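Right, one structure below, let's go through it.
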C-alpha cells in the first residue's frame, strides 16, 4: 500500500510540476529599513515565490524547459509604518529560444509606484475576480501581462485572454487603494505605469505590434538556428512594423519596453548582416529608441 501511495504522490508532484508556467525568483531589498523586523522581508520573499510559482495561471501544461523565467527585485523606499511600505519593483521576464540554449527577454520594466501592507506570515493568494490586497493584485497583474506577452509570441494575439485577466484585476482594485497607488491611475502615471502598459497592449493603434511580436519570435528567433537568413528577415520586418507603430502612437510605453528588452539582442542579431540591412535596422531603431540612438551606432561602423 505504501508503494502505491508513494507512486501516487510522485505522479501528483510530477503533474503539478508540469503545470507550472512560471519560474520566479524574488529579492526584497531594504536599504532604508528603520523599524520593521528584517525577518518580515525574508518571509515576504518566500511567500511571493510560492504565490507566483505555485499558482496555476493557465490551463496549459508547460515542460520544465518551457517555463517563463521571472526575476523580481523589490526595493523598499519608505516605511509608512511597521507593516505598510512604499517600494519600486524591477521585473525581468524571459522565455527560451527554440532549438537553442539561449533565452530572450520578453519584458524588462521598473515600477516605481508600489504601495502595500504586509504582516509576517500573511497568506498571499490569488483568485480570479477577488481582491485580497494590493501586493497580490500587482503581482497577479504582472504575471498575467507576462503570460500575455509570452502567448503572443506563439500565436497572433494569443495573449489576449491573459491581458483581459490583467484588466479584470485592475478593475477590481478598490478606489481607495487605487488612489493611494499611482501605478493604477491613468492620470498620475505619465504614460508609464500599469494602467498604460495595459492600455497600450489592448489599443487598436498598437495591434500591428502584437503581430510583429509574434513574427519577431516564432518566425524569427525560434528559427534562427535552422534558417538564419530568413529568420533575420522576419525579425527585420517585425522591427519595421514596430517603427510604424511608434509613428502612429508616439512615445507609447509598449514600444519603449520593446526597445529596453530587445535593443542589445537586435544589435547581436544584425551586426553580421550587410551594410544595407544594418542601415535599415539602424534607421528603424533610432526612431523606436531615440533616447538611446548612440547604442545602435555599431550597426553603421562595421
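The values are calculated or read from the model by the stated rules, or taken from the named source; none is laboratory data. Treat the numbers as computed from the prediction; the structure is a model and nothing was measured. For neighbour counting, all protein chains shown are included, and Cβ atoms are generated from backbone atoms with ideal geometry for every residue, glycine included.
Taking the criterion of being outside any helix (DSSP H, G or I), within 14 Å of residue 232 (Cβ to Cβ) and touching a helix residue (DSSP H, G or I) at 6+ places or on another chain (Cβ under 7 Å), the residues of the stretch 271-294 that qualify are 271, 273. Working only within the stretch 194-223, note down all residues that are in contact with a helix residue (DSSP H, G or I) (Cβ under 7 Å, 6 or more places away or on another chain) and modelled with pLDDT under 95. Selection gives 205, 206. Considering only the stretch 126-135, I want to know if a residue exists there that is surrounded by 21 or more Cβ atoms within 10 Å (Cβ to Cβ) and not in a helix (DSSP H, G or I). Within the stretch 126-135 (the criterion being surrounded by 21 or more Cβ atoms within 10 Å (Cβ to Cβ) and not in a helix (DSSP H, G or I)), the answer is no, since none of the residues qualifies.
What pairs come out if I take residues in the stretch 259-283 that are farther than 17 Å from residue 243 by Cα and pair them with residues that are in a helix (DSSP H, G or I) whose C-beta lies under 8 Å away, six or more apart or interchain? Partner pairs satisfying both residue conditions: 269/232; 269/235; 271/278; 271/298; 271/299; 273/232; 273/281. So for the stretch 55-68 (the condition being part of a strand (DSSP E or B) and farther than 24 Å from residue 178 by Cα), does at least one residue qualify? Looking for residues that are part of a strand (DSSP E or B) and farther than 24 Å from residue 178 by Cα, one finds at least one in the stretch 55-68, hence yes.
Residues that are exposed (fewer than 10 other Cβ atoms within 10 Å of the Cβ) and either at pLDDT 95 or above or in a loop (DSSP other than H, G, I, E, B) (or both): does the stretch 7-29 have at least one? No, the stretch 7-29 contains no residue that is exposed (fewer than 10 other Cβ atoms within 10 Å of the Cβ) and either at pLDDT 95 or above or in a loop (DSSP other than H, G, I, E, B) (or both).
Of the residues screened, residue 158 is one that is in contact with a helix residue (DSSP H, G or I) (Cβ under 9 Å, 6 or more places away or on another chain), part of a loop (DSSP other than H, G, I, E, B), outside the structural domain of residue 110 (by TED's automatic domain parsing) and modelled with pLDDT of 95 or more. Checking each residue in the stretch 167-187 for being in contact (Cβ under 8 Å) with a residue 60 or more places away in the chain and over 16 Å from the mean Cα position of the chain (by Cα) picks out 180, 181, 182. Here the condition is being part of a strand (DSSP E or B) and either within 18 Å of the chain's Cα centre (by Cα) or modelled with pLDDT under 95 (or both); of 120, 164, 105, it holds for 105 alone.
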